[in-house]
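Worksheet: the structure to be examined is printed underneath.
The values are calculated or read from the model by the stated rules, or taken from the named source; none is laboratory data. What you see is a predicted model, and the numbers here were worked out from it, not measured in a lab. Here Cβ is always computed from backbone atoms with ideal geometry, including for glycine, and neighbour counts include all displayed protein chains. To get the accessible areas, we keep the full protein, side chains included, count just its heavy atoms, and leave off ligands, DNA and RNA. Shrake-Rupley method; radii C 1.70, N 1.55, O 1.52, S 1.80 Å.
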Amino acid sequence: FRFKESLAEDLRSADLVISHAGAGSCLEALEEGKPLLVVINEKLMNNHQLELAKQLHRDGHVLYCNCSTLVETLQSMDLSALKPFPPGQPEKFALFLDKVVGFK
């Protein structure tokens, strides 16, 4: 589909999510606890998606590939090696921000 108001229901029912490496897309899938295969768009804005995909991969949360290696990756991937993504802690950011701007 080209546009959908929300992917939440689709994510909840998915066994595997294949996505581009947009930060929002990655975090939404990971926060839902779904295995994630990130396909890098190498032609988009100096290949900036690669940095996020590599870091999430180094941390053990995603697998990544590019369009030319997608089929090979799907055939050889081991989803059991992926680690759960830790839940966000917005309260820590709020405390840090309060300290930085002098509220505490």
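Overview of values
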read-out: Verdict on Ser68 being surrounded by fewer than 16 Cβ atoms within 10 Å (Cβ to Cβ), more than 27 Å from Pro87 (Cβ to Cβ) and of a type in the set (S, T, N, Q); value: yes
read-out: Members of the stretch 3-31 found to be in contact with a strand residue (DSSP E or B) (Cβ under 8 Å, 6 or more places away or on another chain), in a loop (DSSP other than H, G, I, E, B) and at pLDDT below 95, listed by number; value: His20, Ala21
read-out: The stretch 60-86, residues that are in a loop (DSSP other than H, G, I, E, B) and on the phi < 0 side of the Ramachandran plot; value: His61, Val62, Met77, Asp78, Leu82, Lys83, Pro84, Phe85, Pro86
read-out: Matching entry among Glu42, Glu91, Glu28 (being open to solvent by 60 Å² or more (accessible area, probe 1.4 Å), closer than 23 Å to Arg12 by Cβ and among the acidic types (Asp, Glu)); value: Glu28
read-out: Tabulated pairs, the stretch 16-43, first polar (S, T, N, Q), second assigned to a loop (DSSP other than H, G, I, E, B), C-beta under 6 angstrom, 6+ apart or interchain; value: Asn41/His20
read-out: Count of residues meeting criterion [at pLDDT below 95 and among the hydrophobic types (A, V, I, L, M, F, W, C)] in the stretch 54-80; value: 1
read-out: Test: Val38 is modelled with pLDDT of 90 or more, among the aliphatic types (A, V, I, L, M) and within 15 Å of Pro84 (Cα to Cα); value: no
read-out: Evaluation of Leu56 against (1) assigned to a helix (DSSP H, G or I); (2) of a type outside the set (Val, Ile, Thr); (3) out of contact with any Cys (no Cβ under 9 Å at 6 or more places or on another chain) (one fails), failing number; value: (3)
